[in-house]
Amino acid sequence: MWGPMKFVYALIAALAARIIWVMFFAAPYLSQDDLDRLGRECARWISEEYADGRATTVGGHWTKRQRHVFEILASRSGGESQDIVLCVVDVEARQMMKPSMFDMHNWR
């Protein structure tokens, strides 16, 4: 008697857990074009505010804590190496931030 019902209850519990995870932990869905645009905006902002106008590119993207995190690569003055700067975007609050050196581990 409990055999088929256990399966149904497990399925309902898994579905409920997935819904809760999406509601509270997943970053808002963005299309690839939107992500590319956000990455370019982050790179421009980092270049202007933190990299003295040096060339910047987007090195990577991931989500963490309902935020989109972009790894921005800023060319050093010699041009041979690059600095890595994180740019965290909260789409719902319409905010961009650069984590401090002490806070970067929370966003990796």
Open item on the list: Looking at the chain as a GNM with Cα springs under 10 Å, which of 46, 12, 84 has the largest mean-square fluctuation?
Closed with: 12
Open item on the list: Taking the beta-carbon count within 10 Å as an exposure proxy, list 47, 31 from fewest neighbours to most.
Closed with: 31, 47
Open item on the list: Compute the angle between helix 2-24 and the longest alpha-carbon principal axis of the chain, please, reported from 0 to 90 degrees and rounded to the nearest 10.
Closed with: 30
Task: Sorted by Cβ neighbour density within 10 Å, fewest at the top, the residues 35, 11 - done: 11, 35
Open item on the list: Please rank 7, 102, fewest neighbouring Cβ atoms within 10 Å first, as an exposure proxy.
Closed with: 102, 7
- [ ] Can you tell me the 0 to 90 degree angle between the C-alpha axis of helix 32-49 and the longest principal axis of the chain, rounded to 10?
- [x] 40
Open item on the list: Which residue fluctuates most in the GNM of the chain (Cα springs below 10 Å): 86, 30, 15?
Closed with: 15
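A short reminder: the numbers here are calculations on the coordinates, not readings from a lab. Since the model is a prediction, treat every value here as computed from it, not as a measurement. Cβ coordinates were reconstructed from backbone atoms using ideal geometry, including for glycine residues, and neighbour counts include every protein chain displayed.
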